[in-house]
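Step one of this worksheet: look at the structure below.
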Amino acid sequence: MRIFKILLTFCAVITVFTASGFARDLTYLDSVLNPAKLQGTGRLNWWGFHIYDASFYRAGAPTSQEFAIDIRYQKSFTGVAIANSSAEEMKKMGIPDAQVALWGKELASIFPNIESGQTLTAVYLPKQGTIFYHDGKRIAQITSLEFSKAFFGIWLDPKTSVPKLRNELLGQGCPPPLFNEACK
């Protein structure tokens, strides 16, 4: 019985430790989106490897123009690799090579190296463009509307290369007005 109590106590301590260690502080999203409402979540797997979990947030109403995508990486990547992958995805959606090259360089200068468990968050605000956060700390802003549409299109555009993830992120809600897509 004594061993059972020790084991039970150990399990309780581990549960509390892991719950607090992995708890997400999303107050920065609430302060920007006022408040942030989760619309959907999804997982990106590639060749059986769990790459990241993504969450899509809207500001208050499900039809709001302001939104965010929060990505929690499950693998480590260099910032350059994330920038290059983002640029390749934009290219697949028909963005001209010259523009993709410029945005790819800009993203490479912005994105830090990411370790498993860390997050990159992109917030879209119509009059401000895209604001990037790394683990809740603001790291950069790109004001171009065309960039915002291309970048968020990686996940939310109907032509995305990850339609399953897009559907999971949108859930039962509509795509943001940025994509000029009718709500189904």
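Descriptive notes on the structure:
- Only one entry of ALA108, ALA54, ALA68, ALA140 meets the criterion of being touching a Phe, Trp or Tyr at 6+ places or on another chain (Cβ under 6 Å) and farther than 20 Å from ASN180 by Cβ, and that entry is ALA140.
- Given (1) of a type in the set (Ser, Thr, Tyr); (2) part of a helix (DSSP H, G or I); (3) buried (at least 17 other Cβ atoms within 10 Å of the Cβ), index of the condition TYR133 fails: (2)
- Condition check for GLN99: more than 13 Å from the chain's Cα centre (by Cα) and in a strand (DSSP E or B): no
- For the range 144-184, filtered to residues that are small (Gly, Ala, Ser) and within 13 Å of TYR124 (Cβ to Cβ), the residue that is surrounded by the fewest Cβ atoms within 10 Å (Cβ to Cβ) is SER144.
- When the residues of the range 143-184 are filtered to those that are among the hydrophobic types (A, V, I, L, M, F, W, C) and not in a helix (DSSP H, G or I), the one that is farthest from GLU66 (Cα to Cα) is VAL162.
- Hits in the range 101-121 (condition: buried (at least 21 other Cβ atoms within 10 Å of the Cβ) and either of a type in the set (Val, Ile, Thr) or within 21 Å of GLU168 (Cα to Cα) (or both)): ILE114, LEU120, THR121
- Checked against the criterion of being over 23 Å from PRO163 (Cα atoms) and either at pLDDT below 95 or buried (at least 19 other Cβ atoms within 10 Å of the Cβ) (or both), the candidates THR18, THR63, THR78, THR41 yield just one match: THR18.
- Residue count, the range 34-85 (criterion: more than 23 Å from LEU107 (Cβ to Cβ) and of a type in the set (Phe, Trp, Tyr)): 1
- A single member of ALA108, ALA87, ALA83 is over 16 Å from the mean Cα position of the chain (by Cα), part of a helix (DSSP H, G or I) and either on the phi < 0 side of the Ramachandran plot or in contact (Cβ under 8 Å) with a residue 40 or more places away in the chain (or both), and it is ALA108.
- Only residues that are under 28 Å from GLN128 (Cα atoms) and surrounded by fewer than 15 Cβ atoms within 10 Å (Cβ to Cβ) were counted in the range 44-60, giving 1.
- Only one entry of ALA87, ALA83, ALA98, ALA68 meets the criterion of being aliphatic (A, V, I, L, M) and surrounded by fewer than 16 Cβ atoms within 10 Å (Cβ to Cβ), and that entry is ALA98.
The values are calculated or read from the model by the stated rules, or taken from the named source; none is laboratory data. None of these values were measured; they are calculated from a predicted model. For neighbour counting, all protein chains shown are included, and Cβ atoms are generated from backbone atoms with ideal geometry for every residue, glycine included.
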